[in-house]
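Every number in this text was worked out from the coordinates using simple rules, so none of it is lab data. Everything quoted here is computed from the prediction, not taken from an experiment. Heads up, the Cβs are rebuilt from the backbone with ideal geometry, glycines too, and the neighbour counts pull from every protein chain shown.
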Amino acid sequence: MPTSQRRSTVSETENHMAATQPFGSGPVSSPTACVYSAESPGHDSLRGHPGFRWTVLRRHGKRPLAVLGRALLAANNRCAGLPYWSEISIHETSARRFAACVRHAAPGADGPAWCDTWLCDSPEAVRTILCGHDPLVALPSGIMPHPLMPAGRVALGADVASGHQGAALRFQGAWAGLLAAILGLSAAHRPPA
Amino acid sequence: MTSTVSLSAPAYAAGTVVAADRPSPAWTLIKLRRDGLPPLRFSGRLIARYRGIAPRVALWHDLGLYRTAAASFVVEIVAQHLVPSPDIAPLEPSGFQVRPARCHAALFETLDGALTRLETHDAACDVCPGISAPALSFNDPSIPPALLVMQATALQGFCGDVVRRYKIGVGAMLADIGLRDV
């Protein structure tokens, strides 16, 4: 059967929203939707070491970051009872830089609901980025009346907001616990430099 | 007229990335609606699509990225919102119907230009208070100031959620393209 006879319409397949997509082969030469971490040839000292491969790391509102690297660590606070959970993963690139990836998700969801990645030059920069991240940016606002609701009904939203605040506090606390597990107890409470 | 559906706890909105099969050998004629402009017509194929619809969300963005036969790129950004269904129209479960609130589509010579458009789009501009977003009735003298403040807070929260969900969508769609040859 000639391949040209295949259906010409664009067929759509559902694709789960992975935060990271490892690719064994190198990047293609034609333009892609990624930003590549700047790996200067002179400092590419770890290229060729085992475990290094191209990985696409999702970012928030921006094109993803493609790094040639390997995963150093991944930790999450996914456990029963938490309304939202978080995950931190740190990758080392072939130029000895670090990519810190933060994900927030709801249990049972297909993929991360919020995801961002930062490229850092040193472990200290990773620590600064992670400590400076506010997990509450990932949460929906508490008051969400429908647009067509009459003005007086908006007040009811405040009740929802107060219940929502409890969930937000637990989420924040769980994030601090995750940071403490990775960076040490004092680091989680240290303000960003 | 009103529904209490969105008074329940806000959902952790997560849309769906719909990836196009690759390679698509043939080009199809595509027509995209634009606000205030004639539709954008071109011969092309879909590279990636994101649908932002999620439970308990009143306004969301659907995104599309296309490649044209002339090697250009087209970005489609459609803000969708829920309106009350007239009576017997096909209904959303809550009695609402999906309607486009704002339609943007533009053609770009380079992929970088198209991606920059997606990254820099101000999703808050697609919010229309009183129609697709909480009303702010500051022209109504009968509204007490305290209620006006609550309305403004609600609108601010609504806009923040719309922008956050838009950025989630852009990140998810572009990460899905990843290292794929477009």
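Structural remarks
- Extended-chain gain in nm, criterion 0.36 nm per residue less alpha-carbon gap, B:Gln156 and B:Ala106: 15.2 nm
- Segments B:45-54, A:164-173, B:62-71 sorted - mean Cβ within 10 Å per residue, highest first: B:45-54, B:62-71, A:164-173
- Taken along the Cα-to-beta-carbon direction at a fixed 7 Å, the label points for B:Leu148 and B:Asp181 span 6.1 nm.
- Extension reserve of the A:His49-A:Ala75 stretch, reckoned as 0.36 nm per residue once the Cα distance is removed: 7.0 nm
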